[in-house]
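The values are calculated or read from the model by the stated rules, or taken from the named source; none is laboratory data. If you're wondering where the values come from, they're calculated on a predicted model, not measured in any experiment. Here the Cβ positions follow ideal geometry from the backbone for every residue, glycine too, while neighbour counts run over all protein chains shown.
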Amino acid sequence: MEIPQSDTPTPSKRLDDLPGYGKGRAAGSAIFSHSLGSNEAPDAVDPAIMAAVSAALSGDNRYPDLRGETLSSALALRHALSAEHIAVAAGSIVLLDQIMRGWCDPGDAVLIPWRSYEAYPIIAGLSGASLVTVPLDAEHRLDRASLLAAIDAHTRIVVICNPNNPTGTALDADEIDALIADIPSRVLIVLDEAYCDYSGSAAQVAASPSERLALHPNVVILRTFSKAWGLAGLRIGYAIAAPSIIATIHAIQPPFPIPGIVLAAAIAALDLEPAVTARIASNAIERERLIEGITAQGLPIAASQANFVWLPLCDDAASLNNHFARSGIATRCFPGEGLRITTGTPADTDAVLNAVARWRPNC
Ligand SMILES: *Cc1c(COP(=O)(O)O)cnc(C)c1O
């Protein structure tokens, strides 16, 4: 049966100009031998995590934790904070949506350095806030002066993605703290650290939230199990912030934010830190091979502290993306701007470098 589309009720005007998620995502990724478009970890889920999921499944006639408390407590231990500092959800992107809806009223502005994560403008638009972007600097890094200059009485939230997706560039801890100190304390700062594991020592990655919150109570730190923790398909993210901020997120959030089997998987993953360390070490090696090989072919590439590299190719981005697709390699294209390539296995790197050597712009 055909449902007549013209007769369906019109949604909110807030949706009119939304860019839509995943536009640059390669369609039908099953046909690609090398999935380098979504910054996932290349290795399969650890058997210990599968065993934890399977054990938890037998209890799934019951609802899971109301707020994911078992996971919040385990994360609190990891970050040397109390559990009231942590909210969990099915992806850090869900938490960002809850935060923007919870803190923004019509007339408020969300300020974002740009280019950054493509989900930000969509989530800001849905919240009813207006979006203000400031360009990155010539090295594709956050431009401190232009960000600070763009803050005005309407600014409600500043989102800082560090390391930044899709450029991979990062500010170090001192630069971040100095920047935050210069932003008025009435502004909520969301620090999206999806890729932080790749840019600092493990001890620092675990300790930095409590250190930063002690200095700046207006910060919410977002972390995820989707990248270095290797569990993108299970959808687990968390926010670390002052207890009053976490209480507001809990007030907005529907109950049972994470399924019981996924809570079990995340808690099991926290005991497998050596696997994360190995992933980070292998990422550093493959990232360096990509940077050296691509630079040797004369192509531009930004300094990356993440598990991907950014080629600011402007009008040639689509051509290289198509060339990769014909070689069985999925990458993420931002037409007219650049191309993002996830670091994968040594074989993935070989395939990328072979394809790059065979590519000529505009052919
Ligand atoms: C991948 C990514 C995330 C992770 O989102 P989840 O919903 O936790 O999978 C968050 N922020 C950025 C910038 C990302 O690239």
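Some points to look at:
- Criterion applied to 134, 187 was being away from the ligand (no atom under 16 Å from the Cβ), in contact with a Pro (Cβ under 6 Å, 6 or more places away or on another chain), of a type in the set (Val, Ile, Thr) and at pLDDT 95 or above, and the one residue passing it is 134.
- For first residues located in the range 96-113 and part of a loop (DSSP other than H, G, I, E, B), partners that are at pLDDT 95 or above and surrounded by fewer than 17 Cβ atoms within 10 Å (Cβ to Cβ) and lie 6+ apart or on another chain with Cβ distances below 7 Å form the pairs 107/154; 108/154.
- Residues being within 16 Å of the ligand (Cβ to nearest atom), part of a loop (DSSP other than H, G, I, E, B), out of contact with any His (no Cβ under 9 Å at 6 or more places or on another chain) and not acidic (Asp, Glu) - total across the range 114-131: 2
- Test: residue in the range 77-92 that is among the hydroxyl-bearing types (Ser, Thr, Tyr), within 15 Å of the ligand (Cβ to nearest atom), closer than 25 Å to residue 257 by Cα and touching a strand residue (DSSP E or B) at 6+ places or on another chain (Cβ under 7 Å): yes
- Count of the range 49-76 residues, restricted to those that are more than 16 Å from the ligand (Cβ to nearest atom) and closer than 21 Å to residue 211 by Cα, is 3.
- Filter result for residue 232 (farther than 26 Å from residue 178 by Cβ, in contact (Cβ under 8 Å) with a residue 24 or more places away in the chain, away from the ligand (no atom under 14 Å from the Cβ) and among the small types (Gly, Ala, Ser)): no
- Counting the residues of the range 281-307 that are crowded, with 18+ Cβ neighbours inside 10 Å, in contact (Cβ under 8 Å) with a residue 12 or more places away in the chain and among the hydrophobic types (A, V, I, L, M, F, W, C) gives 4.
Residue by residue, here is whether (1) over 25 Å from residue 49 (Cβ atoms); (2) in contact with a helix residue (DSSP H, G or I) (Cβ under 6 Å, 6 or more places away or on another chain); (3) within 16 Å of the ligand (Cβ to nearest atom) holds:
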position: 193; (1), (2), (3): no, no, yes
position: 213; (1), (2), (3): yes, no, no
position: 217; (1), (2), (3): yes, no, no
position: 226; (1), (2), (3): no, yes, yes
position: 240; (1), (2), (3): no, yes, yes
position: 257; (1), (2), (3): no, no, yes
